[in-house]
Amino acid sequence: MVRRRSSQDAAHAIYANTYLVPTPISGESKPIIVLDTNIVLDWLVFEDGGMPELMTAIAHQQVQIVSNAECRDELIRVLNYPIFKLDIEAQQRASAQYDAFVKITPERASLLGIVPRCRDRDDQKFVQLAAHACAVALISKDHAVLGLKRSMKERFGCDVLGASHTAKWLIENIKR
């Protein structure tokens, strides 16, 4: 039986034959991971004990956390939200720690049409970043991002993980 090519197949073929193909960050041998803002807040502000494996992997530089200017700007804006009651020193500490462990990647051409579209437009930047950076994992608490698990794995080989699945994934995928 001959399978008809779908428009998605055509898009993948076009994508694979253009200069937009994501390439791993040069010289990077550690697994590349993208964290959404809520996960970063858990890590830096709340020191969430629910993810000690992630905090350990970051501290021991077993993974490379990547971000871009847009994601970093969102974090800085969120740190300033009154609900968190962070004084200026706490905000600066959190952003300095973030900058110390996170590699900022340059912006690249849009992958619109190739990268799955997130129902929450505010979180599309994390999905785009994961695709651009050839991330092996995108860690999020957002249901709209988590709903992209299958398509991100199929298209980019990127595991989309909730906080509760992160520890198991790190144990299985990170060399100790």
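The values are calculated or read from the model by the stated rules, or taken from the named source; none is laboratory data. Note that the structure is predicted; figures quoted are calculated from it, not measured. Please note: Cβ atoms are built from the backbone with ideal geometry, for glycine as well, and neighbour counts cover all protein chains shown. Areas reflect the complete protein model, heavy atoms only, side chains present, ligands, DNA and RNA absent. Shrake-Rupley method; radii C 1.70, N 1.55, O 1.52, S 1.80 Å.
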Could I have the simple spin-label model distance between GLU172 and ILE104, label points 7 Å from Cα toward Cβ, reported in nm to one decimal?
3.5 nm
Going toward the positive end of the dipole of the stretch 76-176, with +1 on Lys and Arg Cβ and -1 on Asp and Glu Cβ, which of GLN97, HIS165, SER140 do you reach last?
HIS165
Stretch GLN97-ASN80 to full length: gain in nm at 0.36 nm per residue minus the Cα-Cα span?
4.5 nm
May I ask you to give the solvent-accessible area per residue for the stretch 37-148, in square angstrom, as obtained with a 1.4 angstrom probe?
51 Å²
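Filter the GluC sites (Glu not before Pro) in the stretch 52-115 down to the DSSP loop ones having no more than 16 other Cβ atoms within 10 Å, then list what survives.
Working: sites: GLU53, GLU70, GLU74, GLU89, GLU107; in loops: GLU107.
For GluC sites (Glu not before Pro) across the stretch 52-115 that sit outside H, G, I, E and B with at most 16 neighbouring Cβ atoms in 10 Å, the list reads GLU107.
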